[in-house]
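Quick notes on the structure that follows.
Here, each number is a calculation from the coordinates, and none is a lab measurement. Keep in mind that what you see is a predicted model, and the values were worked out from it rather than measured. Heads up, the Cβs are rebuilt from the backbone with ideal geometry, glycines too, and the neighbour counts pull from every protein chain shown.
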Amino acid sequence: MPGSIQTAKHMISPHVTADNLKRMPGIRHAFLSRAGGVSGGIYAGLNCGLGSNDDPEHVRENRSRAARVIGADPSRLHTLYQVHSARVVDADEGWSGNPPEADALVCTRPGTTIGVLAADCAPVLMADSKAGVIGAAHAGWRGAVDGVVAATIAAMQERGARIENITAAVGPCIGPASYEVGPEFPTPFLEQDQANAQYFVEKTGSDRLLFDLPAYVRSRLAQTGLHNTAVTGHDTYDDMDFFSYRRSCHKSETDYGRNMSVITLIENA
C-alpha cells in the first residue's frame, strides 16, 4: 500500500482494511484514504470522484491507483452513478458508456473489482468467499433507510451466497460525534422502527441531535441475519485522512473529493 503523503501540513495515513474481511481467503479489499493520489488543492490526494470538478485526468489516475492498492487491474474496476437509492446492479459483465444509476454492486467474477464512492456516507463491503460472491454498497442515510444493505445481501444470495457465510464491514463515514441533524430528521427512522431512537442523542445546549450512522447501518446488516460484521470507526468529518462533504461545506469550499472503497475476488486463488 502507498505510504503517507504530506498535504496542507497534515500527514495523510495509509488506507484502511477491516480485520474480518482480511481473514477471508480469496478476497482483497480496502477503504481508501486520501493517501497516494495526484490531485491538488481542495481535492489533494486520492480523489476518485468523476462527478467532482477536479481535473478528470487526475481522477482517472487516482482511480487506477485505487485499483492497484489491492493488486487489481484498473481496467476491470466498476463503479456507479450513485443516487442514494436501494438499487443493486450485477457487475460481472460490466458496462460500456455511462455507469448505471444505482448504489450497490454484486460480483462473482474473479479479477473484477467493484467500488463505491463516499464523502461522509457509509461504504459497506461484503463477501462470501466460499461461494465466491462479493458486494459493495453506498449507504447514506436515505439509502440505509430504504434498504440498500438488505437489497445487496439479497442479490448476493441470489448468486449463491449463504447468509451464515457473508462477512461485512462498514467503512469510514461521518461519525456519531459529528453528524448533527435537526429535530425532524429522525422521523423516517422512527416510522420504520421506534427502536431506532437509540441511534440519536441530544446535543448539549441545543435542539439539534447527533446521529450514529455507522451503528444504524450495522443494525441493518444484523437485521438480515448477518453475524460477522465490523465497523472501522473512522470519522470522515473529523479525520483529515478522508474527504468529507460536510467538512467542505463548513469550510465554504466550492467542491469536495470522494473516497473510494474497493473489493475484489482474487483470480486463481
Qualifying positions in the stretch 48-92 - charged (D, E, K, R) and assigned to a loop (DSSP other than H, G, I, E, B): ASP54, ASP55, ASP73, ARG87, ASP92
Which one is surrounded by the fewest Cβ atoms within 10 Å (Cβ to Cβ), of the residues in the stretch 102-113 that are under 15 Å from SER75 (Cβ atoms) and in contact with a helix residue (DSSP H, G or I) (Cβ under 8 Å, 6 or more places away or on another chain)? GLY111
When both residues are 6+ apart or on different chains and their Cβ atoms are under 7 Å apart, which pairs have a first residue that lies in the stretch 20-47 and is at positive phi and part of a strand (DSSP E or B), and a second that is among the charged types (D, E, K, R) and surrounded by 24 or more Cβ atoms within 10 Å (Cβ to Cβ)? GLY45/ARG34
Of the residues ARG258, ARG159, which single one is in contact with a Ser or Thr (Cβ under 6 Å, 6 or more places away or on another chain) and of a type in the set (Lys, Arg)? ARG159
Out of the stretch 203-253, which residues are basic (Lys, Arg), surrounded by 17 or more Cβ atoms within 10 Å (Cβ to Cβ) and touching a strand residue (DSSP E or B) at 6+ places or on another chain (Cβ under 7 Å)? ARG218
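So if I check each of GLU180, GLU191, which one is charged (D, E, K, R) and either out of contact with any Lys or Arg (no Cβ under 6 Å at 6 or more places or on another chain) or crowded, with 24+ Cβ neighbours inside 10 Å (or both)? Show your work before the answer.
On the way: GLU180 fails: either out of contact with any Lys or Arg (no Cβ under 6 Å at 6 or more places or on another chain) or crowded, with 24+ Cβ neighbours inside 10 Å (or both).
Exactly one residue qualifies, and that residue is GLU191.
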Could you list, in sequence order, all residues of the stretch 173-195 that are of a type in the set (Ser, Thr, Tyr) and in a helix (DSSP H, G or I)? THR187
Hey, ARG220 of a type in the set (Lys, Arg) and over 30 Å from THR108 (Cβ atoms) or not: no
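Hey, any hits in the stretch 188-209 for a residue that's within 18 Å of the chain's Cα centre (by Cα) and on the phi > 0 side of the Ramachandran plot? So that I can check it myself, show each step before the final result.
Pass one, the stretch 188-209, residues within 18 Å of the chain's Cα centre (by Cα): none.
Looking through the stretch 188-209, none of the residues is within 18 Å of the chain's Cα centre (by Cα) and on the phi > 0 side of the Ramachandran plot.
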